[in-house]
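Comments concern the structure below.
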C-alpha cells in the first residue's frame, strides 16, 4: 500500500483482472459517492462509541499496563485498557493514524512485525521514486533532441547500477528512520512482533520464539497492508522472475524484461527499465494497456510512454506459466488467450516482473476470534472502516484501513482512512470521500487523476439524469512547460455544467502528480468550478494548466447566480 | 508498375490531435514511392479487368488501383492540386506519371507523420453510400502520434469501406473506395470485394521481394539457408521489442534475420545490420574501404546483394554477421558503385619529405600529418578536387578543406577527419591527429569528427604496398591512395643515374566534377609541395 505505486487490486480469481487502478473502481458502496468531504451527522452505532469513548479514555489514563488482568478472560471485553488505540501494522496508514491519534490525545501503540514503514517506504513508492528520479534524469540526458533544443551538449550518459540501487535503498532507510523517530518523539509505543487479535479489544504480539504479550485497547485498527500478488503457475525465484519487492533492489538490469500487468507498478517499472537500457514486453490480461486510466489519458500515455520506447506488448493474454531462467535457458512465459483460454504464444526473455497487483496481508491476524471472515483476503468494512463480521454486523471497536480492506490501495488513502477512524473514535463522525483521493503514476511525464473517469461519469450521469461536460487544456499552451521544453501533456476536467461540480480531473504531463491537488482539494472541499476559476495562479507556472482548465469549463448561468460559496474575508 | 493517381484523401488536424501538428498535407500517392507500397500494387483497368499481379506473398492483400487508361499524356495538374510532398520518403526510381480517367478512386492510408508505417482506423465518419464532397472528413485515422481526420479530395460516393474501424492498414494501402457516380458503385464494390481483407490487422512487415528495394540494394540479410549458428529444434523467431520496431521501420523481414543475441534472439543490432544502418548513437562512423581487410574472410556471402544467385555455403563454413561498423562499410561500398570514377597515378619524389620527417619526428609530427598537410595545401590551389557532387547536377565547393584519413580499427574502418588541414600548422595537425586516433579507439568520435571529410587520404605504404587503388567514398570528390616510398634509380635529363626515394600516389575521383586535367594538375602541385617539403612547416 502506498502512494501510487500500487493501485487498487484484489486477490483475483483470475490473474490480472483486479489490476484496475482507478480510485473510483475500488469503491463499491454507493454511499461513498457523496461529494461532501465531511459528514457531521451521527449514526446509530457511532453515537454509542462516542458517548463512551471519553470516559474510557479518562479511566484508562490512570491505569498502568495490566496485562495479567485481561489475559485470563478471553472472549469478554476487558474493563480497562492498556491503550486507547492499538494499530496493527506500522506502514503509512498506521503511521498516519498514530500521529493523528496522538494529536487527539489518545494513548497509542503500534505493532509491527517487520520494519516500520511498511510496503510504501521499504518496498514500494519510496524506493521506486528514487529509481524513477534516476530514470527521469537519464531520459533527459539521453534525449539528444531535447538537449539540443535547450542548447545543451552532453556526451554519453551512463549509470552505475549499484549506485542507483544504493540511492533507492538509502532513501528508504532515511524515510524509515524519519517515520520511526516521528512516532517515538510523539510518544507512540512501537511494539515489535506479529500482532494477532485474540478477542474483542485484545491483541497479542510477539516475536517468533518469544512469549507473547497481550495488550488491550479501547479501539483497534488493522493496518496490515498487502504483499505482491503472484498468480498461480508463476514461479518467483527472486532473480529472473521477480516482484516489485525484488525489482526495487535493482540487483540487475536485464536486457529484456517482460512485465506482467500494465497498471501503475508495471508502467513505472517500464519507465525505469527502459531508461536504464532494457527492452520491455508488457503482458496485459485486458484488451488494452493501462486499463484503469481515463481512456483518453491512457491513449495519450501509450503514445508517449509506450510506443516510442523500446517496449512491445501482448494484450488480452494471461501468463499461465512462467519458469525462471535455469540450465542455460531463458525465462519462459506461456501465454494463453484471456477469452478462449487457448495457448497463444511462448515468450523467451531475460527476466519477468510480476506486477499483477497486490494481495492483502491478513493471514494470522486472528480474525476468526472476532468472527470475521475475509473476502479473498480483504477484511470487510463499511464506509467508516468498521469491520463487519460473518453475520453482517459491525464488530465494535475494530477498524481496518489501507490495503487490507482493499477499498483503495494507495498509501495516502490508508493514511486518510486512519485519520478518519481516529476522528470517529474521538467523537466526531467522519466519512472519507474516496473520490477526492488523488492517484498518480510517476512515469516521465507523470499521470495523475482524481475522481471519476469520463466513462464512469457518463454512466453515473445517465443513471442520475444530469449532463456531463468535458474540458481540456494542453501543456503545449503553458509557458513554463514550454520553457522546460516539455509541452507534451493534457489536462482533462469532467464536470457538471448544471452546477459546476467537479467530477474528475485527469492530468498527463510534466509534474502532473503535483498538479492534481488543486483538483482533489476542490473535490474534497466541495469547491465548484465557478468559484475556483477566480483563484489566482502565479505566472508562469505549470499550475496555470489547471487554471486554464477551470476557466475553459462552461458552467451554466443558473449555477453562477448563487455567487461564490464562501466569500473571502478582506483583511 | 504504374503509379497511383487519385489518392482521394488528405488529413486535417483534428481537435483531438494533441501531440502532433502535421506539417504535411498528404495526398498524392502518384508520387509516393514508398517501396513497400509498390510491391503490393497491381494495377487493373476497370474496363478490361486486367490484373497484373506481382508475385508477392501478399497476393491476397493485393491492392488494385484504378488508374484506367494507360495513355500517358498527362493531365496531372487537374487531378493533383498543389500539394507539398515534404514528408514523402521518395528515393525514387524515375517513373512515368500516368493519366487517370477512372471514376473510381481509392482512399489510401495516408502517412500522417514521417515515422508512420501503418495506421489504425479509429472511425469512419462516413458510411458506405454516403455522398462526399471535396474537403469533407471521411475517416479518423490514428497514427503513431495522433488521431487525425482525413478528408476527401474529390467529390463522389463512398462506395465501399475496405478497412473497418479498429483495423490497421499499412501506409499506402487502400482503406476505402470512392466512386464518382452511382453507376459505378457496383463496380467499385466489386473491386473492393476482390481484395477482401486488404486490411491487414497487425500485418507483419512485408516479406521483401529482393527486386523492390528502396535503396540501391543495401545488404539485406539474405535468407541464408539454415544459419548454422542457431541450432535449435523449434524454429521460432525470437526478436526483442526494439528489434521488432526497427524491423518494421526499416522494412526488414525479421524472419530472414539471423539472431546473434542471447539464445539466438534477434537484437536491434541485428536489424540495423540487416538494414545496412550504422547506429549514429554509438559513434561508429561512416567508413571508407580503401583496403581489403584480411580479417573475416567468411563474410563475403552475406554482403552479396543478389541473394537468389548465392551458391549454397560450403559445408563447414560459418556465417558471421557484420558488426554495425562493417555494415556501414558495406553499405557505403555498394553506394559508391553509382559514382563514375577514374584514377590518375603520379610518382612523387620524397627525399625532401623524408628529410623533413626525420627532423620533425621528435616533435611528434607523423607522416600522416605531413601528407594531410601537403594534400590540403594542394587542394587549396585546386578547389575543384575538394568539391563534391551531391545531386548529379552541380558542383558543391566546400569552404573548408577537411582531410579524412582512413584508419583500420578493431576489425573495422573509420575515417577521422582533420578539419581545416590547410589552415592548421603541422604541429597542431599532428596533435589533433593523435587525439582523433585515441578517440576512435575508444569509440568516442563525434559524428562530425568522422563524416565531415571533403577529401580522403589512405596510406598503405607502411605495409610495403607500392601502389593501390582506393574506392571513392560517397559524398566526396576524390580520394588519394599513397604507396610506400622506395629508393628508385632515376635517370636525369643528362643521362646521369641517381637514386631517389619515390612513392606512387593514385587518386580516384568523381569524373562528373573532376576531370583528368584537374587531377593531373592537382597531383603536380602535390608533388611540388612534397618535393619542397620545407614549405609544409610554414
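Specify the inter-centroid distance of segment B:350-368 and segment B:425-468, based on alpha-carbon positions, in whole Å.
Here the answer is 17 Å between Cα centres.
Label points 7 Å out from Cα along the Cβ direction at residue A:363 and residue A:157: separation in nm?
4.2 nm
So what's the projected area for segment A:232-358, the Cα convex hull averaged over all directions, in nm²? Could you put the intermediate results ahead of the total?
Details: hull surface 29.8 nm².
Averaged projected area of segment A:232-358's Cα convex hull equals 7.5 nm².
In peptide A:274-286, how many Cβ atoms from other protein chains are near each Cβ within 10 Å, on average?
Per-residue shielding by partner chains comes out at 2.
Restricting things to alpha carbons, find the Rg to Rh ratio for segment B:339-536 using the Kirkwood radius for Rh.
With Rg and the Kirkwood Rh in hand, the quotient comes to 0.96.
Can you give the FRET efficiency to the nearest 0.05 for residue B:381 and residue A:143, using r as the Cβ-Cβ distance and R₀ = 45 Å?
The pair residue B:381/residue A:143 has a calculated efficiency of 0.50.
Return the Cα extents of segment A:316-404 along principal axes one, two and three, sorted largest first, each rounded to a whole Å.
In descending order, the Cα extents are 56, 30, 20 Å.
Could you give the length gained by full extension between residue A:538 and residue A:190, i.e. 0.36 nm per residue of separation minus their alpha carbon distance, to one decimal place?
120.9 nm
Please compute, over every Cα-Cα pair in segment A:159-227, the percentage with a separation greater than 18 angstrom. The partial results should precede the final answer.
Values: 1401 of 2346 pairs.
Considering segment A:159-227, 60 percent of its Cα-Cα pairs are separated by more than 18 Å.
If you count, for each residue, the other Cβ atoms within 10 Å and average over each peptide, how do A:194-202, A:531-539 line up from highest to lowest?
So the order, starting with the most tightly packed, is A:194-202, A:531-539.
For a bin width of 10 Å, list the pair-distance distribution of segment B:313-367 built from all Cα-Cα distances, rounded to whole %.
17, 18, 20, 30, 13, 3
Suppose we keep just the DSSP beta bridges with both residues in segment A:241-356; what percent of those would be antiparallel, to 5? Mind showing how you got there, number by number?
Working: 13 of 30 bridges.
Counting only bridges with both partners in segment A:241-356, antiparallel ones make up about 45 percent.
Report the FRET efficiency, 1/(1 + (r/R0)^6), for residue A:169 and residue A:103, where r is their Cβ-Cβ distance and R0 is 30 Å, rounded to 0.05.
0.40
Pull out the extension gain between residue A:499 and residue A:307, defined as 0.36 nm times the separation in residues minus the alpha carbon to alpha carbon distance; nm, one decimal.
Net length gain for the segment: 65.2 nm.
Run through every distinct alpha carbon pair of segment A:95-213 and return the Kirkwood hydrodynamic radius in angstroms, one decimal place. If you can, show how the numbers build up before the last one.
Details: mean 1/r = 0.0569 Å⁻¹.
Taking every pair of different Cα atoms in segment A:95-213, averaging 1/r and inverting gives 17.6 Å.
Sort B:468, A:229, B:463 so that the residue with the fewest other Cβ atoms within 10 Å of its own Cβ comes first and the one with the most comes last.
Fewest to most other Cβ atoms nearby, the residues stand as B:463, B:468, A:229.
Work out the FRET efficiency for residue A:177 and residue A:514 from their Cβ-Cβ distance, taking R0 = 22 Å, and round it to the nearest 0.05. Numbers along the way, then the final one.
Details: r = 25 Å, r/R0 = 1.14.
Result of the calculation: an efficiency of 0.30.
In Å and on Cα atoms, what radius of gyration and Dmax does segment A:435-557 show?
Computed over the Cα atoms of segment A:435-557, radius of gyration and Dmax are 13.7, 44 Å.
Quick one: if you stick a label point 7 Å off each Cα along the C-beta vector at residue B:193 and residue A:210, how many nm between them?
So the two model labels end up 8.3 nm from each other.
Sorted by packing (mean other beta-carbon atoms within 10 Å per residue), highest first, where do A:540-548, B:453-461 land?
B:453-461, A:540-548
Once the piece of chain linking residue A:346 and residue A:466 is laid out straight, how much longer is it, given 0.36 nm per residue of separation minus the C-alpha distance between them?
Using 0.36 nm per residue and subtracting the Cα-Cα distance, I get 38.4 nm.
Using only alpha-carbon positions, what ratio does the radius of gyration of segment A:273-347 give when scaled by 2.2 N^0.38 Å?
Against the empirical 2.2 N^0.38 Å value, I get 1.24 for segment A:273-347.
Which distance in nm do the two modelled labels at residue B:314 and residue A:525 give, with both placed 7 Å along the Cα-to-Cβ direction?
8.4 nm
So how do A:82, B:422 line up by other beta-carbon neighbours within 10 Å, fewest first?
Fewest-to-most Cβ neighbours within 10 Å comes out as B:422, A:82.
Laboratory data are not the source of any read-out in this text; all were calculated from the coordinates shown. As the structure is a computational prediction, the values presented were derived from the model and not from experiment. Positions of Cβ are generated from backbone atoms using ideal geometry, with glycine treated the same way; all protein chains shown enter the neighbour counts.
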